[in-house]
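First the structure, in the form of structure tokens, and then the observations on it.
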Amino acid sequence: MNAFIRLALTCLLLLTGISPAGAVGMIRDTEVENTIRAFATPLLEAAGLDPQALEVHIVNDKSLNAFVAGGQKLFIHTGLLLRADHAGQVIGVISHEIGHISGGHLARLADAFENASTQAIITTVLGAAAAVATGRGDVGSAVMMGGNQIATRNLMAFSRTQESSADQAGVTYLSRTQQSPKGLMEFMEIIGQQELWMVERQDPYVRTHPISQERIAFLREQLAKSPHADSPLRPEYALMFRRMKAKLFAFTEPQVRTLSRYKEDDSSFEARMARSIAYYRKADLVNALPLIDQLIKENPNDAYLYELKGQFLFENGRINEAREVLTQAARLMPDAPLILISLAQAQIETNDDSQLKDAIHSLNQALAKEKDNALGWRLLSVAYGRTGNQGMTAYAMAEFALLTGKLAEAQYHADHADKLLPKGSPAWLATQDIKTDIDRQRAKKKK
């Protein structure tokens, strides 16, 4: 039964990330993720949590939503980041979500499900599954409507208590970090306006974070008596937000919209960066490269700009130039997994075997920081394969297959690695862990 409850919770969390078209993906970008971490770090410290344990996930979806899942996993939709007016609103939402983490609300929600009827749980899971299968939230809602209404009301009441608790905690963390709760209040006021809308028009945040006028009144009261009510945003936060928003807009909106919003006569950093991305997406490097080169000239120690230029060059087949630029990015930010993986990919794609040793080094550094990066393991298997190291190739392939849910392939490669790797070596020991994980996942599927 406990495993079933966990499945129900997982389905609910997945449901919040489904767009009407069912085409939701994740965005990975060093600058965007680091910006969110920078916003969150003081708040996590104020909550007594470890900032290093935070996992940031950017959901490529235009709806306005954010939520947390198991441990310190923070999910934020691009829609929320793009529709926010300033960094304070994003920081306010993050403070609220950290309130959920510090309050142990995910664990308590599991208890709430345990108190609900089996029929209600099954109905919820079926509704979530229907939404996932069809890509239509209305189908899931229709299925869930037939569930136990009393249990549903109890869960919603429990959720309202959680939301109020998270608001209070968020305000506390903002106060401890000498930041204004104004952004959180503004965000909740925006969301509160959607309460009377038809469900299909509401943003997911309204459906997953019940809003009440009491909550908004509480936030207004806290703002009125806060000694930091009029505290200005930290200048670095304001710039980081504008850069993040411009980058996300340029990568997710049609190029014509980017060039319309960030016009040629706008010489701000973020406008020039956005235009360079728009031109790159049109395969127009003649206009893209001068813009990014000028920004690099003005900001020679900005690793994010070198990373961006490296992407422009790599995806237009200029591999050796991309490798040189990404080498500089990695030199400036040696602990950034995504930069190291991009560098390794360029090193491998040069088809110069003398680059393989450096590629393997880059990938091992990246995977030490981000073990669940499937692309990193795939590239590592290619690099080891080209050096003739069959044992390490099999090990890397086993990690890749396990991460991508291909248990039969993971078993095959793990068995192969087990025979080829020196007994007791780190990779051999990791292979044993893979085999144990495969057995655990297979046993779980049988239940």
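The values are calculated or read from the model by the stated rules, or taken from the named source; none is laboratory data. In this text the structure is predicted, and so the values were computed from the model without any measurement. Note: ideal-geometry Cβ built from the backbone for every residue, glycine included; neighbour counts use all protein chains shown.
Name the single residue, out of those in the stretch 30-71 being in a helix (DSSP H, G or I) and of a type in the set (Gly, Ala, Ser), that is farthest from Ala366 (Cα to Cα).
Ala46
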Study note, to complete from the structure: Quick count over the stretch 383-402, residues being surrounded by fewer than 22 Cβ atoms within 10 Å (Cβ to Cβ) and aliphatic (A, V, I, L, M), is 1
Check your understanding: Looking only at helices (runs of 4 or more DSSP H) that fall completely inside the stretch 162-258, which ones have 1 or more residues that are charged (D, E, K, R), at pLDDT 80 or above and within 30 Å of Thr30 (Cβ to Cβ)?
Key -> 182-192, 235-252
Check your understanding: Looking at this structure, is Leu375 surrounded by 15 or more Cβ atoms within 10 Å (Cβ to Cβ) and closer than 21 Å to Asp353 by Cα?
Key -> yes
Exercise for review: For the stretch 384-423, enumerate the residues that are under 27 Å from the mean Cα position of the chain (by Cα), of a type in the set (Gly, Ala, Ser) and closer than 25 Å to Lys446 by Cβ.
Suggested key: Ala398, Ala401, Gly405, Ala410
Practice item. Kindly list the number of the only condition in (1) at positive phi; (2) at pLDDT below 95 that fails for Asn373. Key: (1)
Review point. For the stretch 244-299, what are the residues that are crowded, with 16+ Cβ neighbours inside 10 Å and without any contact (Cβ under 8 Å) to a residue 12 or more places away in the chain?
Key: Glu253
Practice item. Please go through the stretch 369-383 and pick out each residue that is part of a helix (DSSP H, G or I) and either over 29 Å from the mean Cα position of the chain (by Cα) or basic (Lys, Arg) (or both). Key: Lys369, Arg378
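Per-residue answers, yes or no, for (1) of a type in the set (Lys, Arg); (2) assigned to a helix (DSSP H, G or I); (3) in contact with a Leu (Cβ under 6 Å, 6 or more places away or on another chain):
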{"residue": "Gly385", "(1), (2), (3)": "no, yes, no"}
{"residue": "Thr393", "(1), (2), (3)": "no, yes, no"}
{"residue": "Glu399", "(1), (2), (3)": "no, yes, no"}
{"residue": "Leu402", "(1), (2), (3)": "no, yes, no"}
{"residue": "Gly405", "(1), (2), (3)": "no, no, no"}
{"residue": "Asp415", "(1), (2), (3)": "no, yes, no"}
{"residue": "Ala427", "(1), (2), (3)": "no, yes, yes"}
{"residue": "Lys444", "(1), (2), (3)": "yes, yes, no"}
